[in-house]
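Input: a single structure, listed below in structure tokens.
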Amino acid sequence: MDRQRKMIATVLGVTLTAIGAPAQTTAPRQNPALGGSPGLRQNSLQSQTLGSVPTGTVSPQPLSLSLADAIERGLRQNLGLLLSSDAQLSAQGQLVEARSPLLPDFSARISENAQKVNLAAEGFAKVIGRFPGFPLVVGPFGYFDARLAFSQTLLDLNLLASERSSRQNAAAAKLSYQDMREAVVLVVGAMYLQTIAAASRVDTADAQVQSAQALYNQAVDMRTVGISAGIDVLRARVELQSRRQQLIAARNDFAKQKLALARVVGLPLAQDFTLTEKIPYEAPEPITVEETLQQALKSRADFQAALSQVHAAEQMVRAAAAEHLPSLSIYADYGAIGQTPSTALGTFTTYAALRIPIFAGGRAHGDAQVAQAELNRSRQELENLRAQVEQDVRDGILDLQAAADQVSVAMSNVDLAERTLTQARDRFASGATDNIEVVQAQEAVASANESYIASLYAYNLARVELARASGSAERGFRQYWKEK
């Protein structure tokens, strides 16, 4: 069982490695706001992928859950995918914000004003003093103003580059969402396979209990007629009790595995369900590293998202450089102003403004350094991810071939162990030996069945991991399972 849990941990490790880089879809200057160390963020991602938002009401009847149903539920309710969707929405909002200063700005204003002015406070005390009797306080007086205003940035290379950077970030967020779908399919598929394996262990343990019970009954009968010794009965009973303990443990593990699967796909934990699939097996077709690697670099959304992050960082470098350049904007308003709406007369204002940066305290230079550092980091992460993609592909091909060989050996071992058990029972029944051989043969059968279940699970998991490594987990997994 520890071996199977290590396999699940490996799957989650591959998933988190794949989704870690493209998860940073915000603008470069906002990255420090993520906080914490990479390890803490990775643990957070792991808890998100293994969690969900449960939906639906609990039915007293068990639910039939196929692999396709589990994947569909996971793609709807898995927490990691829901949060990735929110991140995509946030990136779209940031794009709208970055684009807003480049678009026309229309506004309307209607005001009714009343005012009383202290001329002395305005600096006219000496002037008023020359005119005896002139009041120091003027008013109250009022006026009405209704006006339409328009402004437009005609040229600002800094804003333009920032908008392009936000556009690339939005594209990266969309690709990260697609990559998260692949990760969810991988996790759900691995959990479903693990649950099937746990169910197979329950069936195998139950069969072993029945076999041990038959051996015990046979030993009792032979002891009754005086053919075998009492030690054979005790030995058979110990074997029966051991198999019952293993059955209890297998059932408990199966129940817990079902809870883990329900958590991933968003089923209420109180909802009972049955699995409708069996683990398929078919010898793998020849696979070349070069073709699979080329497909992975084209298809993997995390790699494409990292490319978009590099393009976004390049635009931020251009935006920082453009802070030194002039910008041009226009403004116009038209309205009516007067003491009352009926006496208001039309007025307007227009101007064009050319802003020329001269000195801003070194802000542009600092922004350029930050942007360049972000670009360097993005490029380095891209190259690291490129190497990781190649490693994932090579590991996947090696694991698939090794798992296929293990399945072949395990199938042969099961057949040999069952034949050995049959012969040992015959020898014991004929009195040629005691039941030590039978007990040992039963243990060999149990070990062979466990190896077969583990190797079959590892084989199908290797297929899923290779599909994930090549960027086709969702499509490839569905197609493979449907064919079987």
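Bear in mind that the values in this text are calculations on the coordinates, not laboratory data. What you are looking at is a predicted structure, and each value in this text was computed from that prediction instead of being measured. All Cβ positions, glycine included, derive from the backbone under ideal geometry; neighbour counts span all protein chains shown.
Brief remarks on what is shown
- Placing +1 on the Cβ of every Lys and Arg and -1 on the Cβ of every Asp and Glu, with no other charges, gives the chain a dipole of roughly 1280 debye about its Cα centre.
- The charge dipole of region 260-370, taken about its Cα centre with unit charges on the Cβ of Lys, Arg, Asp and Glu (plus for the first two, minus for the last two), comes to roughly 560 debye.
- For the chain, the longest principal axis of the Cα atoms and the long axis of helix 38-49 meet at an angle of about 70 degrees.
- Each residue of region 252-257 was assigned a 3J(HN,Hα) from its phi angle through the Karplus expression (A = 6.51, B = -1.76, C = 1.60, θ = phi - 60°), giving 5, 5, 5, 5, 5, 5 Hz with x at Gly and Pro.
- One Cα centroid belongs to region 87-123, the other to region 180-215; the line between them spans 63 Å.
- Whole-number D in µm² s⁻¹ for the chain, Kirkwood Cα-pair radius fed into Stokes-Einstein, 25 °C, 0.890 mPa s: 85 µm²/s
- Charge dipole of region 351-484 (Cα centre as origin; +1 on each Lys and Arg Cβ, -1 on each Asp and Glu Cβ, all else neutral): 860 debye, rounded to the nearest 20.
- Shape category assigned to region 238-301 from the gyration tensor of Cα positions, a/c cut at 1.5: oblate
- Sequence-distant residues sharing a close amide H with F273 (under 5 Å, placed H): L63
- When R76, R109 are sorted by how many other C-beta atoms sit within 10 angstrom of their C-beta, beginning with the fewest, the order is R109, R76.
- Taking the charge dipole of the chain about its Cα centre, with +1 at Lys and Arg Cβ atoms and -1 at Asp and Glu Cβ atoms, the residue from G129, T343, P357 reaching farthest to the positive side is G129.
- When the charge dipole of the chain is built from unit charges on Cβ atoms (+1 for Lys and Arg, -1 for Asp and Glu) and taken about the Cα centre, the candidate among L83, L293, Q406 whose Cα reaches farthest toward its positive end is L83.
- Counting lysine pairs in the chain whose alpha carbons fall under 26 angstrom apart, excluding pairs fewer than 8 residues apart on the same chain, gives 12.
- Counting neighbouring beta carbons within 10 Å and listing from fewest to most, the residues F359, F273 come out as F359, F273.
- Sorted by Cβ neighbour density within 10 Å, fewest at the top, the residues L261, L293: L293, L261
- With Cα atoms, 0 to 90° folded angle of helix 67-77 axis to the chain main axis: 30 degrees
- Angle in degrees between helix 157-224 and the longest Cα principal axis of the chain, rounded to the nearest 10: 20 degrees
- Relative contact order (%) - region 87-168, alpha-carbon pairs under 8 angstrom, separation at least six: 46 percent
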